[in-house]
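A.B. asks: Got a structure here, written out as C-alpha cells. Questions coming.
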Amino acid sequence: MVRSIRPDAVLVQAVIAGALSFAHLHDLAAAAGQSGWKAWAYPVSVDLLLVAAWRRLRVQRSRLAWCWFLVALVASLGANVATAGFLDLANPPALLRLGIAGWPALAFLGGTLLAHSPSPDPAGNPAPAPAAPAPVPDPEPEPEQITAPEHAPALPETAPPVPPALVDHARKVAADHRTRTGTDIDTATLRARLGVPADLAGAIAAQLA
C-alpha cells in the first residue's frame, strides 16, 4: 500500500528559509572574492556546522555545543543581513574579506571539537553501583571431641572350684598317660579324657603340676 505524500507547512518553510540563507551566504562569499566552487562551499560549511551543533545540543546541553551553534547562527544571520543592502557588496570592507578568508579554519575547528568531544550515555543509564561485598560466612563451630570412657581393668578370672574326687581321678589319668607315653599329659588331652570345660581342665592341670 503506497502512502500519499502530504506537504508539511513547517518542512516547506524550512526548505525556503534554507535556500534563501544558502543563496545569501553564496553571494556574500562571491562578493568577498571567493569565486567558482569556493563560493558554494561556504554556505555548505556554515549549514553543516549549524546542524552538527544542534545535534550535539539535543544529546548534551554543553557550553561547547552552544558556542559553535551561536557562531554558525551569527554567520548565517550576518550573511542574510549583509545582503539586504546594509553593505556595499561591490566594494566589501576589508573586515568582511578577513572573516570570509578565516571561516574555513574556524569551521574545521568547530566541527572537529563537536565530533570528538566525549558524549554522555545515550540511554541515560546511571553508572552501575559498585557491587556489595559478599557476606562472610560465620565459622562453623568445631565438633566436640567425645572421649571414649576408659575401660576398667578386667578383674582376674577366678579358677572354678575343683572337687577333690575329680582331682584324684585326674591324677590317675595323668599317671596312666605318663606310663603309656612317657610324657606328662597336656591340658587339651586332659580335657578330652575327663570331658570337662576348658577352664576346669586348666584348674585341674594347675593342681597336678
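Every number here is computed from the coordinates shown, using simple stated rules; none is lab data. Since the structure is predicted, the reported quantities are computational estimates derived from the model, not experimental observations. Note that we place each Cβ from the backbone using ideal geometry, even for glycine, and neighbour counts take in every protein chain shown.
A.B. asks: Taking only the alpha carbons of segment 23-62, what extent do you get along each of the three principal axes, in Å, biggest first?
C.D. replies: Between the extreme Cα coordinates on each principal axis of segment 23-62 lie 38, 14, 14 Å.
A.B. asks: For segment 1-107, what D do you get in µm² per second when you plug the Kirkwood radius from alpha-carbon pairs into Stokes-Einstein at 37 °C and 0.692 mPa s?
C.D. replies: Rounded to a whole number, D works out at 217 µm²/s.
A.B. asks: Related question: Quickly work out the R61-to-A9 label distance, labels modelled 7 Å from Cα along the C-beta direction, and quote it in nm with one decimal.
C.D. replies: 2.9
A.B. asks: What length, rounded to one decimal in nm, is gained on full extension from A90 through to F108, with 0.36 nm per residue of separation minus their alpha-carbon distance?
C.D. replies: 3.6 nm is the gain from fully extending A90 to F108.
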